[in-house]
Amino acid sequence: MTDLHTHAEEIHEQFTDQLDVSVDDVEERLDTLVNEYQVPISEARRSVTNSYLDEAGLDREDIGGGSGGNETVQAADVDAPEEWVDMTAKVVELWEPRSDAVAQVGLLGDETGTIKFTKWSKSDLPELDEGATYHLRNVVTDEYQGRFSVKLNRTTVIEETDEEIEVGDDALEVEGALVDIQSGSGLIKRCPDEDCTRVLQNGRCSEHGEVEGEFDLRIKGVLDDGEDVTEVIFDQDATENLTGITLEEAKDMAMDALDTSVVVEEMQGTIMGRYYRVEGPTFGRYLLADEVETLTDAVDPEATLIKARSI
Ligand SMILES: [Zn+2]
């Protein structure tokens with residue numbers, strides 16, 4: 001845990017001009033909240049900061065920052081609320097504000113990923129354009145349910161720049177053993193409707209009814225890294241690479257057996273229990289396998305036993 005004294009110093013710094021409080025005063029208030037009332041530090045900081053704002057008769061926007069002195073951060077660096085930072089970022093998306101208090105809301109992005117931003121109506125700042133890149137000085141970080149964002153306020157300085165920013169995706173990388181292959185894997189049929197492509201159940205699309213399906217290969221697998229499980233979807237390419245079975249071969253196998261389920265059974269034999277490193281974007285609870293690397297030829301039975309005993 002970052003010591004309370006450091007947090008106290010950071011809060012104190014914002015009020016040195018406005019209030020006659022010592023770092024110890026701040027630390028004492030934090031200490032009461034955190035150690036006596038078990039309030040998480042982020043909430044304690046917010047609460048103590050707000051109480052000093054009240055005492056000084058200030059809005060949050062009136063404190064902190066100033067010109068210069070802020071740390072320049074990237075989207076993925078933001079990991080604490082109430083920090084005054086500078087950043088250079090591209091407006092990736094603008095959303096419809098759901099409150100009159102908000103002038104603009106959306107996503108800012110840089111090489112490290114994206115972060116939500118909010119621009120208050122009363123802060124009277126210029127309009128941000130989607131796709132444009134800006135130097136943003138004096139923005140405040142915030143946190144809501146573990147997700148971080150930045151707020152543009154009255155003191156924020158916005159400067160458009162020609163700098164080209166390649167916005168990174170929030171790709172996930174997981175390493176683990178493939179411990180399950182879920183139903184709907186192997187040789188499947190999809191609805192031929194271009195905007196639909198739902199997987200058919202017994203020849204029926206849940207939207208379009210009975211249709212002439214198109215064959216596809218897919219694996220919905222579960223990777224276990226020893227602590228967590230991640231559901232991973234392998235598309236046709238990834239499935240072919242993973243199993244060594246092509247779509248054509250899979251169709252032949254199914255034709256010979258008059259049964260598509262032989263395909264997934266064959267695949268299970270090849271890939272279950274093996275270790276993989278999978279990287280890709282996340283979609284809901286699924287990780288979409290863009291890059292797949294096999295880590296070992298097969299799981300060492302001894303190691304598996306040891307692991308099983310330790311669970
Ligand atoms: Zn359909």
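Looking across the stretch 210-230, the residues that are loosely packed, with under 15 Cβ neighbours inside 10 Å and without any contact (Cβ under 8 Å) to a residue 40 or more places away in the chain come down to Glu210, Glu212, Glu214, Glu227, Asp228. Looking only at residues of the stretch 46-90 that are of a type in the set (A, V, I, L, M), at pLDDT 85 or above and not in a helix (DSSP H, G or I), we find that the one that is surrounded by the most Cβ atoms within 10 Å (Cβ to Cβ) is Ala89.
Only residues that are assigned to a strand (DSSP E or B) and not charged (D, E, K, R) were counted across the stretch 174-197, and they come to 9. If I filter the stretch 91-118 down to residues being open to solvent by 10 Å² or more (accessible area, probe 1.4 Å) and among the small types (Gly, Ala, Ser), which single residue comes out as nearest to Glu159 (Cα to Cα)? Only one residue tops the list, namely Ala103. Annotation: of all residues in the stretch 162-209 being in contact (Cβ under 8 Å) with a residue 60 or more places away in the chain and of a type in the set (Val, Ile, Thr), the one that is nearest to Thr133 (Cα to Cα) is Ile165. Would the stretch 187-209 turn up any residue that is in contact with a strand residue (DSSP E or B) (Cβ under 8 Å, 6 or more places away or on another chain), open to solvent by less than 60 Å² (accessible area, probe 1.4 Å), more than 16 Å from the ligand (Cβ to nearest atom) and closer than 28 Å to Glu279 by Cα? Yes, there is a match, as at least one residue in the stretch 187-209 is in contact with a strand residue (DSSP E or B) (Cβ under 8 Å, 6 or more places away or on another chain), open to solvent by less than 60 Å² (accessible area, probe 1.4 Å), more than 16 Å from the ligand (Cβ to nearest atom) and closer than 28 Å to Glu279 by Cα. Selection of the stretch 102-153 for residues being more than 24 Å from the chain's Cα centre (by Cα), farther than 16 Å from Val85 by Cβ and not in a loop (DSSP other than H, G, I, E, B) yields Ala103, Trp120, Ser121, Lys122, Ser123. Is the stretch 27-36 home to any residue that is among the hydrophobic types (A, V, I, L, M, F, W, C), under 23 Å from Trp120 (Cα atoms) and free of Cβ contacts under 8 Å to residues at least 40 places away in the same chain? For the stretch 27-36, residues among the hydrophobic types (A, V, I, L, M, F, W, C), under 23 Å from Trp120 (Cα atoms) and free of Cβ contacts under 8 Å to residues at least 40 places away in the same chain: absent.
The values are calculated or read from the model by the stated rules, or taken from the named source; none is laboratory data. Please read all numbers here as calculations on a predicted model, not as lab measurements. Glycine also receives a Cβ, built like all others from the backbone with ideal geometry; neighbour counts cover every protein chain displayed. When the accessible area is computed, the model is the full protein with side chains, heavy atoms only, and any ligands, DNA or RNA have been set aside. Shrake-Rupley method; radii C 1.70, N 1.55, O 1.52, S 1.80 Å.
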